[in-house]
1. Defining the label point at 7 Å along Cα→Cβ, can you sort the distances from B:Gly165 to the same site in each other copy, shortest first, in nm?
2. For the protein assembly as shown, what is the percent of antiparallel DSSP beta bridges, rounded to the nearest 5?
3. Can you list, shortest first in nanometers, how far A:Gly39 lies from the same residue in the other copies, with each label 7 Å from Cα toward Cβ?
4. If I model a spin label as a point 7 Å beyond the Cα along the Cα-Cβ vector, how far apart are those points for A:Asp149 and B:Asp265 in nm?
5. Shortest first and in nm with one decimal, please list how far the A:Glu363 label point sits from its counterparts in the other copies (point 7 Å along Cα→Cβ).
6. Using just the alpha carbons, could you tell me how many Å³ per residue the convex hull of the protein assembly as shown encloses?
7. Using just the Cα positions, wrap region B:113-186 in a convex hull and report its mean projected area in square nanometres, one decimal place.
8. For chain A, find the longest principal axis of its Cα atoms and tell me its angle to the long axis of helix A:352-368, 0 to 90°, nearest 10.
Number of protein chains: 2
Amino acid sequence: MPFATPAAQVADDPSVAPGTRRMEIGAFTFADVSRDSRGVGPARRLPELVEEIALADEVGLDVFGIGEHHRPDFAAPAPVVLLAAAASRTSRIRLTSAVSVLGSDDPVRVFEQFSMLDSLSGGRAEIMAGRGALTESFRIFGYDLADYDQLFSEKLDLLLALRTGEPVTWSGRHRSPLERELIHPRPVQNPLPVWLAVGGSANSVVRAGKLGLPLALGIIGGRPADLAPMVALYRDVLARADHEPRPVAITVHGFVADTSQRAADLYYPGDAEVLNRIGGERGMRPMSRTDFDIKILPGGAYAVGSPEQVTEQILHLHEAFGHQRTLLQLAIGSVGHRDVMRAIELLGTEVAPAVRSEIARRERTVETGSPGPGANRASGLAGLPLTATEDGAVAIRHVTGP
Amino acid sequence: MPFATPAAQVADDPSVAPGTRRMEIGAFTFADVSRDSRGVGPARRLPELVEEIALADEVGLDVFGIGEHHRPDFAAPAPVVLLAAAASRTSRIRLTSAVSVLGSDDPVRVFEQFSMLDSLSGGRAEIMAGRGALTESFRIFGYDLADYDQLFSEKLDLLLALRTGEPVTWSGRHRSPLERELIHPRPVQNPLPVWLAVGGSANSVVRAGKLGLPLALGIIGGRPADLAPMVALYRDVLARADHEPRPVAITVHGFVADTSQRAADLYYPGDAEVLNRIGGERGMRPMSRTDFDIKILPGGAYAVGSPEQVTEQILHLHEAFGHQRTLLQLAIGSVGHRDVMRAIELLGTEVAPAVRSEIARRERTVETGSPGPGANRASGLAGLPLTATEDGAVAIRHVTGP
């Protein structure tokens, strides 16, 4: 087998206390493609993505995620297929869906597929289960959106039962029953990691806590710090349900380039195009460049900028959430392969080491009781995004020129 | 992109007349694993299989297939996941399910997954759709075996509609309807190749002919030549339905080693173990070594032996069927990785070139009207498997010693 033992601990290993595990840094994408036949289509984009995941592995990123969508603008209705192709080109990076739309799928198929991926990757497969932000799959697979939450809840229940390793007897409203069925192949990891991905619904956060599942919180706008109570709620529910501490992942739109100006100029067009297309379907107001520039201010919703700025942004997030994994939605819309490759390189070689060493430094500082500079940085979030701060100067420079 | 343009023509390209395309040689397996925890399990077997497919590509084999099963003794409930892992390690070999159990699956998912595989492999994906010899999947996914044939027929109809490239409006008894739905991503190949795999049922053969699909005929016992009328029937139905000629694939149990004795000794235990386990579930008489030795006689059901013997056996098949693709079920039961690797090497470097050059020689002979030696070989099949022939001497030597 060509695989090294994964360097990272099993992602939801409860024996690793949140405070002591190193921050995992990774990337995810929905495999965006152009609908214009002159643009980049699936035949080019999917092999490019395998190259991007291979580079992410090489530069030491911890996780790569692929989102499931059933639309012409995203090329990965079955993330596991792309992740399996990547498994052969990688040896350490963890491979996850981001997300699997569980409510419109069959948990038995999902388990079988990710269990195969787990063997093919030497134990690096993960499932991020979510209700799904977009709803095409419900129409295509014949489900009623009126059952949206129950579909997810019931199928998550079955997925979790399948990974126990015991024969499963199960019945529900939206899938045929199982009678003492043990599904094969069994995964390498026991249990196969399943994260619960939430978009900010308190009910979903409570569900993750009650089930004792690691939480992935998606941030797409607003002030991330405003969502800190959600993570506090999650940890509270976890503790009340007598579960061990579980890791928290924060997922954000993000991009890294050699300069802040270049990062914004490369990321904005694709990001705006995708958000406006999807937002337009929902009757939302289009995002302008000004909206975007506000989002990338320190403490804002996006982690877009130079390596230093993205490092700072992830540290802001860490101050707000004390989380263990940060995933950046790097490749979105029309951002080109070469620029995504450079972003992955910078994320792995500059951002990740800087984030980890700063977090380690702060934790040592907390242990020794000495409040070093930056220990109180979270307070700086309060006045954002428009109040000038020491970091605001960077943001303004970044709006007006390189 | 790391992919060369596939050397082989698109598999069911009707512009290539059967008589003029070169014989494709390939292998397939069900990803057999041991149920004994001391044996080879999925964590080892699935990565080994990726190595085997990579070698098959390297030595110039044309196709590799993976069978779908939902049982503890086979590790590939989702062949596409393994094929995607192999796509990253190969550049020319075609990657196919063998088979996809379409009746218990959702054709939309199957299309989406193989369409992704098609992009990931640079246009090398194929689906071999079959009703399924084993029936666990119907129980697990909640289908009634009373609908066995209708499930397959209806879902094949939908799968074929999905690959046309036009929005699909469809309704049936066993899957929710679609209303002007175009499923993405679109495959590289247009259309994505779909073969119809049959086990010898005349109804299935007629179905393939009427639909104009390439036919894959599975042989597991008896005298292959006895099935020649099935292929004649298929070609007749094809012609009557005004379809262009389509290729025919023959799939057999087969194995190659440096000597005939070694091939039989390596292949027999696993083959017997698997057939007796599955046959036992169906109340069949166990296969003995004598039964096996009869099957590997020239003109028999199996292509097991030295490179020369396997070459002869494929030529016997070609005389009987005039087919365009031969797939050997190389890796079965407990045959070890190293021996399968050697078998693949011999199949690619010795058997395939010898088969192709002999077929080309015979076709030249037919063109010039000169009946060379071997042109009339099909008659030799009549007295098999027990009548002594010129090849029988080889078989007997092979039973009694090296």
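What follows draws every value from the coordinates through simple rules; no lab data is involved. Since we're looking at a predicted model, the values are computed, not measured. Backbone-built Cβ (ideal geometry, glycine too); neighbour counts: all protein chains shown.
1. Those label-point separations list as 5.1 nm.
2. Of those bridges, close to 10 percent are antiparallel.
3. 5.1
4. 6.8 nm
5. 6.6
6. 160 Å³
7. 5.6 nm²
8. 80 degrees
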